[in-house]
Amino acid sequence: MDFALSAKAEDVCARAWDFMREHVFPAEPVYDAWRAERGHDNHEHPPVLEELKAEARTRGLWNLFHHEVGGLSNLEYASVAEITGWSPTIAPEAMNVGAPDTGNMETLMLFGTEEHKQRWLQPLLEGEIRSGFAMTEPDVASSDARNIQTSIVRDGDEYVINGRKWWTSGAADERCQIFIVMGKTDPEGAPHRQQSMVLVPRDTPGWRSSGTSRCSGTRTSTATRSCGSPTCGSRCRTSSPARATAS
Ligand SMILES: Cc1cc2nc3c(=O)[nH]c(=O)nc-3n(C[C@H](O)[C@H](O)[C@H](O)COP(=O)(O)OP(=O)(O)OC[C@H]3O[C@@H](n4cnc5c(N)ncnc54)[C@H](O)[C@@H]3O)c2cc1C
């Protein structure tokens, strides 16, 4: 297989490296100092990230993760992801290619209704809000979705959701406005067909965040930085049933 970069990928990678050298790497100590000053339990948004986002947009380095939006093939985008990996805590968010938003945006593109796209996908593509993906649960081996215990029961125009989630990256950040939550809608079905995912807005009645845990070491440790999310390890749970509107 030929892994040589296309002319388009060569160009975007050169511009991405310029952006990293001129803006992202110099912003790292600013970001770290801002975080260190506020401590682990602060989940506000360092202003330097907004400056980086504006600069990335100006340079056409925005939303490159998706071929329809960013114009790159998967192979071409892989070279860009390799570059943003040199500053995993801030470069992906600066270029709006950070997890879990990318996967969540793709899910919304594929399965969202027009209303979902207007309300959640568009602001995510603009970098105005962030999103969470809530699958993992504290009491079960969550790498196997068949074990998921959260229940999702339809009740008229609403879904009633009961369950506890943890490791929902970014949940403690107030900008995280929408969660894709995995649960079981058909517990009697074939084991691999019991699960569904629903959109749960942050302000859904019954939704409750019970705090955050450290990923490993302190926020500025290499291990934490490598996870790409300053607030990873957030636990979000619905202890009383959460009600999300069906659509
Ligand atoms: C930095 C970070 C960010 C994360 N962000 C998110 C997030 O945003 N949203 C989210 O939902 N989760 C998130 N997670 C959680 C992550 O997805 C889970 O930890 C992962 O899916 C494994 O699930 P688990 O922890 O329940 O481990 P388990 O499923 O208990 O697995 C533990 C070990 O047992 C093995 N194992 C499990 N079942 C079997 C089996 N049947 N046979 C053989 N081996 C088995 C696994 O391979 C693994 O080695 C994050 C985790 C990290 C570290």
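Would you confirm whether or not segment 116-126 contains a residue that is farther than 21 Å from residue 173 by Cβ and either in contact with a His (Cβ under 6 Å, 6 or more places away or on another chain) or not in a helix (DSSP H, G or I) (or both)? No, segment 116-126 contains no residue that is farther than 21 Å from residue 173 by Cβ and either in contact with a His (Cβ under 6 Å, 6 or more places away or on another chain) or not in a helix (DSSP H, G or I) (or both).
Per this entry, residue 76 is counted among residues that are over 23 Å from residue 178 (Cα atoms), in contact with a Ser or Thr (Cβ under 9 Å, 6 or more places away or on another chain) and not assigned by TED's automatic domain parsing to the domain that holds residue 168.
Residues that are within 12 Å of the ligand (Cβ to nearest atom) and surrounded by fewer than 20 Cβ atoms within 10 Å (Cβ to Cβ) are absent from segment 154-161 altogether. For segment 204-217, the criterion of being buried (at least 16 other Cβ atoms within 10 Å of the Cβ), within 15 Å of the ligand (Cβ to nearest atom), within 17 Å of residue 116 (Cα to Cα) and modelled with pLDDT of 90 or more is met by none of the residues.
Taking residue 148, is it within 16 Å of the ligand (Cβ to nearest atom) and of a type in the set (A, V, I, L, M)? Steps first, please.
Working: within 16 Å of the ligand (Cβ to nearest atom): yes; of a type in the set (A, V, I, L, M): yes.
The answer is yes for residue 148.
With the structure loaded, tell me whether residue 171 is modelled with pLDDT of 65 or more, farther than 20 Å from residue 98 by Cβ and either within 15 Å of the ligand (Cβ to nearest atom) or hydrophobic (A, V, I, L, M, F, W, C) (or both) or whether it fails that test. No: the conditions fail for residue 171. State all residues of segment 66-89 that are within 16 Å of the chain's Cα centre (by Cα), under 23 Å from residue 30 (Cα atoms) and away from the ligand (no atom under 16 Å from the Cβ); if no residue qualifies, say none. Selection gives 81, 84.
The values are calculated or read from the model by the stated rules, or taken from the named source; none is laboratory data. Just so it is clear, the structure is predicted and the values come from calculations on it, not from any experiment. No Cβ is skipped: glycine too gets one built from the backbone with ideal geometry, and neighbour counts run over all protein chains shown.
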